[in-house]
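The values are calculated or read from the model by the stated rules, or taken from the named source; none is laboratory data. Because the structure is predicted, anything quoted here is derived from the model rather than measured. As a convention, Cβ positions derive from the backbone with ideal geometry for all residues, glycine included, and neighbour counts pool all protein chains shown.
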Amino acid sequence: MTTNVPKVYAFHDFSDVAIAVADYVVYAQNHALTVKNKNDRKHSNTSLNSINSAVAAEPSQNTIPSTATHPVHLKKNKSHTLLNHGVHDQTGNAAAPMKNYSNINIEREKEKDNSRDNKESPLNVVKEKRFRIALSGGSLIQVLHEGLLKRDDVQWGKWDIYFADERLVPFDSENSNYGLAKRKIFDLIDTKKYGKPKVYHVNEKLIKDPQECADNYEKILIKGFAGRDSVKLPMFDLFLLGCAPDGHIASLFPNFQETLREKLAWVVPVEGAPSGPSNRISLTIPVICHSHRVAFVVEGSTKAPVLKTIMERPEKGLPSSIVNEGAAGRVSWFVDNDALSDVFVTKKAYKFRSAQKVTVG
Ligand SMILES: O=C(O)[C@H](O)[C@@H](O)[C@H](O)[C@H](O)COP(=O)(O)O
């Protein structure tokens, strides 16, 4: 694999991380809610070839079916990998392998953007824009709690919030990502003042069946992203990820090669997770890498060893290294100094982009 070095913003402590992440989120929000021109998406260069080459010990796979307008598994088997199952379009017809998937996708995005630019007045565009964000669980929720809730420029009413992953436990469990985000963020928003975000979580009734739950959540994403414009992959304005000491991001674990190699599904079931609740669902690497921006938020000394591997040994193919490669140029890391101790990487000072003009780190 080639080495793509992401931007790494270093901070003194957790509070500084929270302040900067909130600023970055608001910046992404403002960008998403403002008129875009066609050049805004020119960096939508998700490279499945890069992703392929970044997945350890996996032969390169360039030929991907392209006829379907959204994920193509009507009813999936446990394995979604391209080599293991038939591929169908929306009508259930077999789809023949065609040209390079990512190029077609980029062309379609460009065409759509051009046609939007031509047809819609700026006023209409602004009215219809929504900020689409994916959240992970874990300490990220506390970071957002501390950073976002005290700001008065978060347009919550224009947010569509999805989850990067979910642990398949009841929502009132302390392990539920949605449950945690609800208690720590959604329930605390002054909705009279800022509006109410649309929150898309898994169907709690399906938590006993990871495959069904993943399929159902994928349908929710398809409805949200492909309802108006058919798309091959959803494009989040911002995808927020943590990284666990064992290297997992969302619920994509190192050595779970089948889920890491997934090319077609937007959401996969995960069973037998080595840490935390065993059954989960997760958005996939192609979805993460297709996002307009990806930000990792990592704090604490327990993360230092894994960060060293991610930053210094990308060839190991940890999930975050795959994202650093697959979304190259759109990835930022917000990390405190404890997590960066002993990591050889160029650290940047974060420059505030939204209303405030402060520099921390
Ligand atoms: O459900 C999950 O397991 C999370 O989405 C997961 O990917 C999380 O982001 C990391 O485990 C980091 O969590 P911490 O920041 O709490 O270490």
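Based on what the data block shows, is Y162 at pLDDT 95 or above, closer than 17 Å to S278 by Cα, buried (at least 20 other Cβ atoms within 10 Å of the Cβ) and aromatic (F, W, Y)?
no
Considering K223, K263, which residue is outside any strand (DSSP E or B) and free of Cβ contacts under 8 Å to residues at least 40 places away in the same chain?
The conditions single out K223.
Just the residues that are more than 16 Å from the ligand (Cβ to nearest atom), in a helix (DSSP H, G or I) and at pLDDT 90 or above, please, taken from segment 119-147.
Residues of segment 119-147 more than 16 Å from the ligand (Cβ to nearest atom): 119-132.
Subsequent filtering for residues that are in a helix (DSSP H, G or I) retains 119, 122-128.
None - no residue of segment 119-147 is more than 16 Å from the ligand (Cβ to nearest atom), in a helix (DSSP H, G or I) and at pLDDT 90 or above, so the list stays empty.
Would you pick out the residues in segment 232-261 that are surrounded by 18 or more Cβ atoms within 10 Å (Cβ to Cβ), away from the ligand (no atom under 16 Å from the Cβ) and over 20 Å from K158 (Cβ atoms)?
Across segment 232-261, the qualifying residues are K232, L233, R261.
Taking the options E166, E174, name whichever one is in contact with a His (Cβ under 9 Å, 6 or more places away or on another chain), within 14 Å of the ligand (Cβ to nearest atom) and not in a helix (DSSP H, G or I).
That would be E166, the only listed residue that is in contact with a His (Cβ under 9 Å, 6 or more places away or on another chain), within 14 Å of the ligand (Cβ to nearest atom) and not in a helix (DSSP H, G or I).
Given the options S320, S354, name the one that is out of contact with any Cys (no Cβ under 9 Å at 6 or more places or on another chain) and of a type in the set (S, T, N, Q).
S354
Sort through I288, I281 and tell me the only one that's closer than 24 Å to Q211 by Cα, within 13 Å of the ligand (Cβ to nearest atom) and assigned to a helix (DSSP H, G or I).
I288
Checking the structure you have, find out if any residue of segment 181-202 is touching a residue at least 40 places away in the same chain (Cβ under 8 Å), part of a strand (DSSP E or B) and surrounded by 21 or more Cβ atoms within 10 Å (Cβ to Cβ).
no
Quick check on my filter: what residues within segment 268-295 are closer than 17 Å to F256 by Cα and either of a type in the set (S, T, N, Q) or without any contact (Cβ under 8 Å) to a residue 12 or more places away in the chain (or both)?
Passing the criteria: G272, S275, S278, N279, S282, T284.
Does P269 satisfy the criteria of being more than 18 Å from I141 (Cα to Cα), within 15 Å of the ligand (Cβ to nearest atom) and not in a loop (DSSP other than H, G, I, E, B)? Working first, answer last.
Numbers: more than 18 Å from I141 (Cα to Cα): yes; within 15 Å of the ligand (Cβ to nearest atom): yes; not in a loop (DSSP other than H, G, I, E, B): yes.
When the stated conditions are applied, P269 passes them.
Restricting attention to segment 241-258, does a residue exist that is over 26 Å from V143 (Cβ atoms) and part of a helix (DSSP H, G or I)? Step through it out loud before you land on a result.
Initial filter on segment 241-258 (over 26 Å from V143 (Cβ atoms)): 255, 257-258.
Next, from what is left, pick out any that are part of a helix (DSSP H, G or I): 257-258.
Within segment 241-258 (the criterion being over 26 Å from V143 (Cβ atoms) and part of a helix (DSSP H, G or I)), the answer is yes, since at least one residue qualifies.
If you take the residues in segment 306-331 that are in a loop (DSSP other than H, G, I, E, B) and not hydrophobic (A, V, I, L, M, F, W, C), which one is surrounded by the fewest Cβ atoms within 10 Å (Cβ to Cβ)?
G329
Quick check, is I220 of a type outside the set (S, T, N, Q), surrounded by fewer than 24 Cβ atoms within 10 Å (Cβ to Cβ) and touching a Leu at 6+ places or on another chain (Cβ under 6 Å)?
no
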